[in-house]
Amino acid sequence: MSEFRHIPSIEQLISRPALERAASRHGRDVVTQAARDAASELRLRFADDTATPMAPESIADWLESRALALAGAHATPSLRRVINATGVIIHTNLGRAPLAEAAALAAARIAAGYSNLEFDLDRGDRGQRHVHAERLLCSLTGAEAALVVNNAAAAALLALKALATGREVIVSRGELVEIGGGFRVPDILAQSGATLREVGTTNRTRIADYAAAINDRTGLILRVHPSNFQIQGFTERPPLSDLVSLSRRFSVPVVEDLGSGWLGVMPAPASIADEPSVRESLEAGIDVVVFSGDKLLGGPQAGIAVGRRDLIGELRGNPLMRALRADKLTYAALEATLALWSEEPARLQVPVLQMTSLTAADIERRVATVIAKLSDARDLECEAIDGDSTVGGGSASGSRLPTQLLAVCGAGLSAPAFASRLRQLDLPIVGRIQQDRVVLDLRTVAPDDDARIVEGLIAAQSAP
């Protein structure tokens, strides 16, 4: 307990030259709090009878070092770039779709100055922000009109609010899905002010079920793509053409929530061959389609609604649009991404399309190169093993993409401990654990980052 007497006061501690310099950079309040936190950590350590004793003369130096680290961490942004080596292409926890370089640069250029976000350069007067992406969205999907909000759930909420408030919305029981974060379609529908009218059963819904539910209070038919789960076996679901025919007969619009947002401007890679496309839905006669910008489209987080001009106009004119609208960075990144999709050779610059198109042989060659560069690394055991990647992000449910995994063991370290060290690197590497080994899937690693994988593995193994 005598160690406690050697802990200097906070005033003494922050008066040390190194901490005074830190205060000039980060602010006195930040450094003072860092010193308090460091002292609290040390008191807890001294109270632990199993902790290694500390020499009295080193206590002040330890506190200074720890306070400097805490103050520096306070000034470091909490949002950081990481290397996604999980093999999950659209990883929600890691930011979903990585942007193409052209899209990221476009957003950065817009962020660095002023823009014509809501300014008509021809008239020299106030303009509309929706025009920036609408032309490309209509060209790529065949829609009459389009709008952009801040995420797909917002697009669905806006469509329900604008087109069905106070009225019934018909939904198949098999499509009452729960999306990420515990949000459910019935909850979003309730927030819109519409009334849910369930039809059919979990596994079978017929067109006659929809027809029987239509009445003078029906606002719209909602079709939801079950992109994050599958129902197999004894199932039935009406084709889009039947839903459209029914809607025309009763003059009831059909809104489809496609979620994953595969545009359909090119044949889909084999890994997402069963994923429905926005273009197919509109060609079938669906009135409004809503989808995500940061899933298979490979753009920024955004909710996109495309379809009939009159209905999109109702969405645009709803007061909720103001609360849900997208910002200039979203428009810049989205337009740049859509421009890439507009040109066949340029599409492969979209990382999500690159990753879904890679073959196991492509990845095997990269893994072999990484293993060769690690051959002289001490205390690292590396092996190439077969495995599977997945699309993720509530897209292409059940997709399994054959891949080659880099399995790594660090001498004297458990798999969780080694994985933790990889996450603590200056450029964190996030992999997964399989059969007591850390495995890294290069499908979701940019080729330029392969060298950083090598450096990171060596650094993690040699860390104290």
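Determine the pairs where a residue that is over 22 Å from Thr444 (Cα atoms), located within the stretch 405-418, has a partner that is acidic (Asp, Glu) with Cβ atoms under 9 Å apart, the partner being 6 or more residues away or on another chain.
Taking only residues 6 or more apart or on different chains, the pairs are Gly410/Asp379; Gly410/Glu381; Ala411/Asp379; Ala411/Glu381; Gly412/Asp379; Leu413/Asp379; Ser414/Asp436.
Just the residues that are at pLDDT below 85 and open to solvent by 70 Å² or more (accessible area, probe 1.4 Å), please, taken from the stretch 196-227. Before the answer, list the steps.
At the first step, the residues of the stretch 196-227 found to be at pLDDT below 85 are 202, 226-227.
Residue satisfying the conditions is Thr202 alone.
Which of the residues belonging to the stretch 13-32 are open to solvent by 80 Å² or more (accessible area, probe 1.4 Å) and free of Cβ contacts under 8 Å to residues at least 40 places away in the same chain?
Pro17, Glu20, Arg21, Ser24, Arg28, Asp29 - these are the residues of the stretch 13-32 that are open to solvent by 80 Å² or more (accessible area, probe 1.4 Å) and free of Cβ contacts under 8 Å to residues at least 40 places away in the same chain.
Out of all the residues in the stretch 342-365, which are open to solvent by 70 Å² or more (accessible area, probe 1.4 Å), touching a residue at least 12 places away in the same chain (Cβ under 8 Å) and assigned to a loop (DSSP other than H, G, I, E, B)?
Result: Glu344, single match.
Pull out all pairs, ordered by first then second residue, where Cβ-Cβ is under 7 Å, the residues are six or more apart or on different chains, the first lies in the stretch 193-215 and is among the hydroxyl-bearing types (Ser, Thr, Tyr), and the second is assigned to a strand (DSSP E or B) and open to solvent by 30 Å² or more (accessible area, probe 1.4 Å).
Close Cβ pairs satisfying both conditions: Thr205/Glu236.
Results for (1) on the phi > 0 side of the Ramachandran plot; (2) of a type outside the set (Ser, Thr, Tyr); (3) not in a loop (DSSP other than H, G, I, E, B), shown as yes or no for each residue.
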| residue | (1), (2), (3) |
| --- | --- |
| Gln128 | no, yes, no |
| Ser139 | no, no, yes |
| Leu158 | no, yes, yes |
| Ala162 | no, yes, yes |
| Gly166 | yes, yes, no |
| Val169 | no, yes, yes |
| Thr202 | no, no, no |
| Ala208 | no, yes, yes |
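Out of curiosity, is Arg81 at positive phi, touching a residue at least 40 places away in the same chain (Cβ under 8 Å), part of a loop (DSSP other than H, G, I, E, B) and open to solvent by 60 Å² or more (accessible area, probe 1.4 Å)?
No, not satisfied.
Modelled with pLDDT of 95 or more, of a type outside the set (A, V, I, L, M) and over 17 Å from Thr141 (Cβ atoms): does that describe Asp287?
no
So, in the stretch 42-64, how many residues would count as being closer than 17 Å to Ile14 by Cα and either touching a residue at least 60 places away in the same chain (Cβ under 8 Å) or open to solvent by less than 70 Å² (accessible area, probe 1.4 Å) (or both)?
Looking only at that region, the number is 6.
Could you tell me which of the residues Gly410, Gly392, Gly398 is open to solvent by less than 30 Å² (accessible area, probe 1.4 Å), under 26 Å from the mean Cα position of the chain (by Cα) and modelled with pLDDT under 95?
Gly392
For the list (1) open to solvent by 60 Å² or more (accessible area, probe 1.4 Å); (2) at pLDDT 95 or above; (3) in contact with a Gly (Cβ under 8 Å, 6 or more places away or on another chain), I need the number of the one condition that Ser139 fails.
With respect to (1) open to solvent by 60 Å² or more (accessible area, probe 1.4 Å); (2) at pLDDT 95 or above; (3) in contact with a Gly (Cβ under 8 Å, 6 or more places away or on another chain), Ser139 is out only on (3).
Answer yes or no: is there a residue in the stretch 61-73 that is within 28 Å of Ala305 (Cα to Cα), among the aliphatic types (A, V, I, L, M) and out of contact with any Asp or Glu (no Cβ under 6 Å at 6 or more places or on another chain).
No, every residue in the stretch 61-73 fails to be within 28 Å of Ala305 (Cα to Cα), among the aliphatic types (A, V, I, L, M) and out of contact with any Asp or Glu (no Cβ under 6 Å at 6 or more places or on another chain).
How many of the residues in the stretch 248-271 are in contact (Cβ under 8 Å) with a residue 12 or more places away in the chain and open to solvent by 50 Å² or more (accessible area, probe 1.4 Å)? Walk me through how you get there before you give the answer.
Quick first cut of the stretch 248-271, residues in contact (Cβ under 8 Å) with a residue 12 or more places away in the chain only: 248, 250, 252-266, 269, 271.
Within this subset, residues satisfying the condition of being open to solvent by 50 Å² or more (accessible area, probe 1.4 Å) are 248, 250, 266.
The number of residues fulfilling the criteria is 3.
Here are Leu44, Leu70: which of them is in a helix (DSSP H, G or I), under 21 Å from Pro428 (Cβ atoms) and more than 19 Å from the chain's Cα centre (by Cα)? Break it down into steps so the answer makes sense when it comes.
Working: Leu44 fails: under 21 Å from Pro428 (Cβ atoms).
Only one candidate qualifies: Leu70.
The values are calculated or read from the model by the stated rules, or taken from the named source; none is laboratory data. A quick note: this is a predicted structure, and the numbers were derived from the prediction, not measured. Positions of Cβ are generated from backbone atoms using ideal geometry, with glycine treated the same way; all protein chains shown enter the neighbour counts. Surface areas here come from the heavy atoms of the whole protein model, side chains and all, with no ligands, DNA or RNA. Shrake-Rupley method; radii C 1.70, N 1.55, O 1.52, S 1.80 Å.
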